[in-house]
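Scroll down for the structure; my scribbles are underneath it.
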Amino acid sequence: MEMLRTRAAAVYVPLWFLVSLAMLTESANILCPDKNYTSPSIPTSVHRLRVGDIKVVAGIGDSLSVGSGAEAIKLLDLVNQYRGRSFSVGGDFSYEQSYTTFPNILRLFNPNLYGYSTGIGDEKTANAKFNGALMNGLSGTLVDQAKNLVERMRRDSAVDFEKDWKILTITVGSANLCGSCKDITTHPASELKSDLQLALDFLQQNLPRTLVNLIEPFDIYKLRAFAFVDAICNIAQESYLCPCGYEEVTFELRDSLHLAPLAEDYRSLVRELIYSKRYETSEDFTVVIQPFLSNFTLLRNEAGELDRSYLAKDCFHPNTKGHNMLGIALWNSMLRTYIHKQTHLDYDATPICPTTEYIPTEKNYL
């Protein structure tokens, strides 16, 4: 009789524990608590990947991913790289504390996510982790950034390089456009396409189990409008950020005629490269374009005045509020199928829950 009671208790306790553990696991995700978004076993195809399967987050590109000046109080602070606030790779604080960067949202689905950057520093600091983006990173630096990232991952004992699924976000084009302000032949679209192809070819061959989120180049000239309404923005933009000479009356028209077609050429050739299916040749690597900045418009308040509350002191880079907004935009874009991806910024958006079984790619959801 004693043996029966012991055996019954032995059965009862584990069942109770497992039920409680399951309830605790579900409730831990405050964004999407009613469903499990992790595969029962590690997927073997990038086209059968769920958000909870992602183990490693990373990023390369330009100053948009660096977090340039995100917490700047004065002009001198603009040189600081607040990588922990980066919308694509930053992991300062948490989603529960209203820091809605892409990694912080992803951590709701995998609390053990690895690779996000914290604090302040350049790409070589330990806290940068797998944020290899460069200040003023031209497209020509992408392949070296990719090589450095792969080497850094290989050396990190916390990463199972061959087995862990990774998400890598790439931002590119802004520095090229700034460098083309006075002469559009300086950085033509063909150059950006070639540079991007070199980097993606290397990553496809050397970074297994990776989904790449590629942010389309956007129209940086739109941000120049702030130079008219804020003297500090004028100094920062004209002196060292994006030094396109202009006359007060004509700069917006001249820049839009000059840079807008070039930015569109960038986007066109990026799409041509990705939609060629060059990166659909294996089951462990793919590239998905995220176009949410392609047709962005500047936010204005009720009085019709430009709202700079999302921007750093230079009115060019996002501040922490801006990075939080962009983190949501990237997350939502990644979860939408191709025909439902937005090409504009929704400044009031909130993170959505996955509505498809797998993260949409060009192959599994059209």
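The values are calculated or read from the model by the stated rules, or taken from the named source; none is laboratory data. Nothing here was measured: the structure is a model prediction, and the numbers come from that model. Neighbour counts run over all protein chains shown; Cβ positions are idealised from the backbone, glycine included. Accessible surface areas use protein heavy atoms only, side chains included; no ligands, DNA or RNA. Shrake-Rupley method; radii C 1.70, N 1.55, O 1.52, S 1.80 Å.
Placing a label point 7 Å from the Cα of S276 along the Cα-to-Cβ line, the residues of segment 195-233 whose backbone N sits under 16 Å from it are 195-205. Relative to the current alpha-carbon distance between D122 and D160, full extension at 0.36 nm per residue lengthens the span by 11.2 nm. Using the Cβ-Cβ distance between I235 and L299 with R0 = 25 Å, the FRET efficiency computed as 1/(1 + (r/R0)^6) comes to roughly 0.65.
Which of the three applies to segment 89-236, rounded, prolate or oblate, going by the alpha-carbon gyration tensor with a ≥ b ≥ c and a/c under 1.5 meaning rounded? Since a/c reaches 1.5 but b/c is at least a/b, the shape of segment 89-236 is classed as oblate. Normalised by the number of residues in segment 38-139, the mean separation of alpha-carbon contacts (under 8 Å, six or more apart) gives a relative contact order of 30 percent. The dipole here belongs to the chain: it is taken about the Cα centre, uses +1 on the Cβ of Lys and Arg and -1 on the Cβ of Asp and Glu, and is about 1080 debye. Once you reduce segment 175-200 and segment 303-366 to the center of their Cα atoms, the two points are 24 Å from each other. Probe of 1.4 angstrom, ligands and nucleic acids ignored: what's the accessible area per residue over segment 19-141, in square angstrom? So segment 19-141 comes to 42 Å² accessible per residue, rounded to a whole number. Given a Förster radius of 41 Å and the C-beta distance between F228 and A349 as r, what FRET efficiency does 1/(1 + (r/R0)^6) yield to the nearest 0.05? Computed FRET efficiency for F228 and A349: 0.90.
Cross-link reach is defined here as a Cα-Cα straight distance under 19 Å, omitting same-chain residues fewer than 8 places apart; for K277 the aspartates and glutamates meeting it are D195, D201, E216, E362.
Overall, the accessible surface of segment 92-198 at a probe of 1.4 angstrom is composed of carbon and sulfur to the extent of 48 percent. A protection proxy built from the mean count of other Cβ atoms within 10 Å ranks the segments 154-164, 188-198, most packed first, as 188-198, 154-164. Extension gain for the segment T38 to S268, taken as residue separation times 0.36 nm less the Cα-Cα distance, is 79.3 nm to one decimal.
Descending by average beta-carbon neighbour count within 10 Å, the peptides 91-101, 275-285, 294-304 line up as 91-101, 275-285, 294-304, the highest first.
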